[in-house]
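One structure below.
The values are calculated or read from the model by the stated rules, or taken from the named source; none is laboratory data. The structure displayed is predicted, hence computed values, not measured ones. For neighbour counting, all protein chains shown are included, and Cβ atoms are generated from backbone atoms with ideal geometry for every residue, glycine included.
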Amino acid sequence: MRKLFSLLLALVVLAPAVGRGARAQQTRRAAGGAEAGETLIRNATVLTASHGTLQNADILIRNGKIAAVGPNLKAGANARVVDAAGKFVTPGIIDCHSHSMLDTINEGSLSVTSMARTRDVLNPTDPDLYRELAGGTTTLNLLHGSANSIGGQNTVVKIKYGRPAAEFIFQGAPPGIKFALGENPKRSNGFNIPGVPRRYPATRMGVEETIRDAFTRARNYKRSWDDYRAAQSRGDKAAVPPRRDLQLEPLVEVLEGKRYVHSHCYRADEILMLIRIADEFGFKVRTFQHVLEGYKVAKEIAAHGAGASPFADNWGYKLEAYDAIPYNTAVMTRAGIIVSVNSDSDERARRLNIEAAKVMKYGGLTEEEALRTVTLNPAIQLGIDKRVGSIDVGKDADLVIWTAHPFSVYARVEQTYIEGEVFFDRAQDLARRADIQREREQLERADANRPAEGGPQPGAPRGRRPAHSHDDDQPQNGDDGGNDNR
Amino acid sequence: MKPEARSQKPVVSRAAVVGAWRSERGAWRPVFTALSSRLVARRTLVAVICSLLAAHCTLLTVFGQQASTNMGPEFMDGRPGTYAIRHARIVTVSGADIEDGTVVISDGRIAAVGANVTVPGGAETIDARGLSVYPGMIDLGTAVGLIEITENGATGWVDTQEVGDSNPNSMAWVSVNPHSAHVAVTRLNGVTSVLTAPQGGLISGQAAFLNLLGSTPEAMALVRTAALVINYPGLGGGGGGPFGGFGGQQGNITEAINTRNQRVEQLRKLLRDADAYARAQAAATQDRNLPRPDVDVVLSALVPYVRGERPVVFRADRAGEIRGAVQFAEELKLKPVILGGDDAWQVASFLKEHNVPVILTGTLNLPRREDDFYDVQYEQAAKLQQAGVRFCISSGDTAADVRNLPYHAGMSAAFGLPKAEALKAVTLYPAQIIGVGDRLGSIEVGKIANLVVTDGDLLETRTNIRDLFINGRRVPLVSRHTELYEQFKNRK
């Protein structure tokens, strides 16, 4: 009896896993079964992002990597051949600031939440992920919100839509953490609920002090571990290990240069403030996010060695963004800063190619400089440029085939590859539509939409879960509640 | 655009004026050294104005800079000049392109267009070899001038929504701030006219049609009360009802329908009252023996709309709401325009049959439903066009992103809308839909000279605006953004 029960239990537990596996298999088959073998993309205009544009070039993909790039490449007999004559190929687009896939954004209860991890709330089924693939985006830097001076830990993912969340995670990407300065961490956005004490800090002074306090504690904590390890190595058997502190551990990693700081910021003064603290405690800010007034302090950012990840041209949506100018990327690039252009929006993440094109218009960056803002530069900023960000032999075959130059408003994505597999294919998408439409109509006709005799009324229609956009700026603690209306 | 690409004298002098009070060096010398010789005579006057401005702007720590951008003297007021744009590719929109032609601008109007036209004596000629001339773009879904900063910060500069449900007597044009930073930023990307509309409630108010140049609301408003704006009540959102918005309270479907019907009834009653009021007023005018009803500001504001003299813009996105709004408008003999129109393609034949135009505001929005195809919004315009529905494309943004209007049209063209139609959808079609098609939207003799000179396709992101005319005035390519850029780009 117990045996039977165990068997049943095993079945119950395993069945969904099998189902998922089958689905993943199906996706792989649908993708053309090319993951193990070779794919040859032929006769394309290839925008490498690292070494210029190649005309009439082929790209050979083998085992998920770029095996060769150049004219007249030969592939094996079983290789899948994609004729890309008249088409353009770019590296997969990398979005250095995203909240897609996160079921919740802000752990806003404390001003230091370095222990919270975005990887614990990944939702791989969000349809916006597919829509981003359909815009050529393949890699996302999933950031915690900006409710806190020191927020939670980030997760870098590839959009392997259709797979379990664990497969999305970019293995080997250096860990990072979100910081935030200014209006959001000081909770000035109407968080003053009568009867509820205000959360510290409430000023930019307090934000500075909060970060300083946290790193002072982290330094003490690090010293206690260093002392303990030193005692251990001396053979001191009486040494007692310090109590682990999950809040301070990530900050010690920052002090040791093992965890990247991605800091939300707007105003020039707060950018300088964080640089001062970082210099004082001996760590580097990896990227300033948004950094809308970065153009005012470009030389200081460059001297510190930080990267910058602004919007292309968003401005005026809040007081802190009133001095944002679309020339920001160009000014900072010319100052020697590595700049990426990000979306911070499930919507804009679908057309970062157009956002990149804007930095040519505003400030006159070259085509390759512009392309790098959404490919190679974010890869460098995230420490994954050995794997992704350009079309070079040995890198992951994360590629996008476009119908026209990707900086043209008339361009459309035909296919998006991640590690040689097709994760978006417009032709397939179109081919599936009639079936989906039929299924939808069946569901709409189904009795489930009618109230049962004497039963409860069906609910009123509601909008879909709001997409994440500027979720950094959303007031709710814990509840993201983002929307496109900003 | 590159601000350094053109060095017009007024630009230099004005930039210097602006720079004077903002300059870190605090020196007044640049003002005078940079003043063009043409302005020397006016130097004293300018200096006086400068000191006044400097004092004023120091007080306005936040909004001071933007005030500078649009504050302008010679190009904005006074008699517009005579110009001839020569050797340009002229994209007339209403007719065929002219590969090498001339546009003559005089007294604010387009005086001549063609391959062989006589340039009047005294005209300032602009050699546009290798450049193109387009009509300025028009966005019918904005709140430019009513709102400076959208979130948490400057509510004193937000004038989009009145208190209460029915505000037909709220007129957007009276609270348009001509010196908003958005005005110059928007026109610098080729968007030269907007419909700026109040928001919220059931009847939000009356929208104004603005040309994006002028020192006063009077100068900017081409049509002061261009349309009545109604949020057509819907189920689960829209209409300002209790179910409005995402995450609103969930009721059951019967309650939602009852509430929707009550709100439609509320709207119907008000419009019927306005109709009765209009007839009573008219009757009293004709027959002195009849009692004249007291003037009612709410009802009298509605009169031109219940008479069908001006368009009524219904905000509606779902298919049911769109259909409801059109039927409602026909019942009350209104002249409806749909604003939003996400699901308009689903009721395209209905819209065609009733000849109701749509202002699409959601091209670059994420699809409304999780099971929508990824390109459902991108394709809306193409589907309406194929079905023969009158439509235009709007950015759907209040102010800051209105300048990106061409990329909304471009995306529609990437997904099936013919390129020429995409261009019309942001020029001629919006002009026609809002009733100014005889004055704007194409390059034709007699029309208002709102013209954009570009170095490429107007809808392409990489294209730069090289010259700009609004109301026949040559507009300096200067905005809050170019000024901040100039100030910081060479900071050592």
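What to note about this one:
- Here residue A:393 passes the criteria (1) surrounded by fewer than 24 Cβ atoms within 10 Å (Cβ to Cβ); (2) part of a loop (DSSP other than H, G, I, E, B); (3) touching a helix residue (DSSP H, G or I) at 6+ places or on another chain (Cβ under 7 Å) except the one numbered (3).
- Enumeration of residues in the range B:454-469 that are more than 13 Å from chain A (Cβ to nearest Cβ) and buried (at least 24 other Cβ atoms within 10 Å of the Cβ): B:468, B:469
- Qualifying residues in the range B:369-394 (those that are hydroxyl-bearing (Ser, Thr, Tyr) and either touching a residue at least 12 places away in the same chain (Cβ under 8 Å) or buried (at least 24 other Cβ atoms within 10 Å of the Cβ) (or both)) - the one nearest to the other protein chains (Cβ to nearest Cβ): B:378
- Options A:252, A:261, A:291: the member that is touching a strand residue (DSSP E or B) at 6+ places or on another chain (Cβ under 7 Å), among the β-branched types (Val, Ile, Thr) and either within 14 Å of another protein chain (Cβ to nearest Cβ) or free of Cβ contacts under 8 Å to residues at least 40 places away in the same chain (or both): A:291
- Set A:478, A:482: member being at pLDDT below 95 and surrounded by 19 or more Cβ atoms within 10 Å (Cβ to Cβ): A:482
- Strands (runs of 3 or more DSSP E) contained entirely in the range A:57-157, each with at least 2 residues that are in contact (Cβ under 8 Å) with a residue 40 or more places away in the chain and closer than 13 Å to residue A:177 by Cα: A:93-98, A:137-142, A:150-153
- Looking only at the range A:330-346, residues that are within 11 Å of another protein chain (Cβ to nearest Cβ) and either buried (at least 23 other Cβ atoms within 10 Å of the Cβ) or touching a Ser or Thr at 6+ places or on another chain (Cβ under 6 Å) (or both) come to 5 in all.
- Residue count for the range A:294-316, restricted to those that are in contact with a strand residue (DSSP E or B) (Cβ under 6 Å, 6 or more places away or on another chain) and either surrounded by fewer than 24 Cβ atoms within 10 Å (Cβ to Cβ) or of a type in the set (S, T, N, Q) (or both): 1
- Of all residues in the range A:378-390, those satisfying the criterion of being assigned to a loop (DSSP other than H, G, I, E, B) and either of a type in the set (Ser, Thr, Tyr) or buried (at least 24 other Cβ atoms within 10 Å of the Cβ) (or both) are A:382, A:388, A:389, A:390.
- Candidates B:379, B:460 - the one that is in contact with a helix residue (DSSP H, G or I) (Cβ under 9 Å, 6 or more places away or on another chain) and either within 30 Å of residue B:126 (Cα to Cα) or among the small types (Gly, Ala, Ser) (or both): B:460
- Residues located in the range A:360-379, provided they are under 22 Å from the mean Cα position of the chain (by Cα) and facing chain B (nearest Cβ under 10 Å): A:370
- Residues satisfying the stated conditions in the range A:396-450, i.e. buried (at least 21 other Cβ atoms within 10 Å of the Cβ) and hydroxyl-bearing (Ser, Thr, Tyr): A:408, A:416, A:417
- No other residue among A:435, A:425, A:472 is at pLDDT below 65 and among the acidic types (Asp, Glu) apart from A:472.
- Qualifying residue in the range B:117-134 (condition: without any contact (Cβ under 8 Å) to a residue 40 or more places away in the chain, outside any loop (DSSP other than H, G, I, E, B) and away from chain A (no Cβ under 14 Å)): no
- Among the residues of the range A:246-268, just one is polar (S, T, N, Q) and crowded, with 22+ Cβ neighbours inside 10 Å, namely A:263.
- The lone exception for residue A:186 - which of (1) of a type in the set (Lys, Arg); (2) at pLDDT 95 or above; (3) surrounded by 19 or more Cβ atoms within 10 Å (Cβ to Cβ) it fails: (2)
- Check on residue B:138, closer than 30 Å to residue B:303 by Cβ, within 14 Å of another protein chain (Cβ to nearest Cβ) and β-branched (Val, Ile, Thr): no
- Subset of the range B:395-409 that is of a type outside the set (Val, Ile, Thr) and in contact with a helix residue (DSSP H, G or I) (Cβ under 7 Å, 6 or more places away or on another chain) - its residue that is nearest to the other protein chains (Cβ to nearest Cβ): B:400
- Filter result for residue B:413 (within 10 Å of chain A (Cβ to nearest Cβ), surrounded by 20 or more Cβ atoms within 10 Å (Cβ to Cβ) and either at pLDDT below 95 or in a loop (DSSP other than H, G, I, E, B) (or both)): no
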